[in-house]
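The values are calculated or read from the model by the stated rules, or taken from the named source; none is laboratory data. Small disclaimer: the values here were computed from a predicted structure and weren't measured. Counting neighbours? That spans all protein chains shown, and the Cβs are built from the backbone with ideal geometry, glycine included.
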Amino acid sequence: MASKAKGKAAKRASEEERSVAKSVKEWTNWTMKKAKVITHYGFIPLVIIIGMNSEPKPSISQLLSPV
């Protein structure tokens, strides 16, 4: 185990573990931010596309009107 190593080897192993953990955290944050943007801008078009492919086929104005 790296935790049993002494001196410089233990320090290097600890720094590598922190580096990997930091990389994973940054990648996760980046992924979540992108997913949030995609969800935000993709939800309404998705609803319109699903609505246009349903039966009976409504017009775009019927889909977008509040009534």
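In segment 14-37, the residues that are of a type outside the set (Gly, Ala, Ser) and surrounded by 10 or more Cβ atoms within 10 Å (Cβ to Cβ) reach residues that are assigned to a helix (DSSP H, G or I) and modelled with pLDDT under 95 with C-beta atoms within less than 9 angstrom, at least six apart or across chains, in these pairs: 16/2; 17/2. Scanning segment 25-67 for residues that are of a type in the set (A, V, I, L, M) and over 13 Å from the mean Cα position of the chain (by Cα) yields 44, 46, 47, 48, 49, 50, 52, 60, 63, 64, 67.
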